[in-house]
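Beneath this line is the structure, given in structure tokens, with notes to follow.
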Amino acid sequence: MKAIDVFYLESEDISSVVVPRTKKFKIGDKIMDKNGTVYEVHSFEHICRTFKDITGLVVHGKFEGDIVNLVDKE
């Protein structure tokens, strides 16, 4: 899935990966960035813009790139 935007807060070492709102993601899911680094979805940041429902997947660390891959559960 293509991320709409990625915000990184260096002082807290967290990223908000903004994606179209979907029921695809749950807290505790693992996502991967372009470098293959795996992050656990810690919480959601709900954002509502006119005519667009989007959400931020909040993860610890610096998420790189604009492609979000859901890691299959083993």
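The values are calculated or read from the model by the stated rules, or taken from the named source; none is laboratory data. Not measured: the values here are computed from a predicted model. Quick note on the areas: whole protein, heavy atoms, side chains included, nothing else; ligands and nucleic acids left out. Shrake-Rupley method; radii C 1.70, N 1.55, O 1.52, S 1.80 Å.
Give me the percent relative contact order of the chain, please, defined on Cα pairs under 8 angstrom at least 6 residues apart. Show your work: numbers first, answer last.
Numbers: 161 pairs, mean separation 28.2, N = 74.
Dividing the mean separation by the residue count of the chain yields 38 percent.
In Å², and per residue, what accessible area does the chain have when probed at 1.4 Å with the other protein chains present?
Working: 5030 Å² over 74 residues.
For the chain, the per-residue accessible area is 68 Å².
Give me the percent of accessible area attributable to carbon and sulfur for the chain, probe 1.4 angstrom.
Working: 2600 of 5030 Å².
That share works out to 52 percent.
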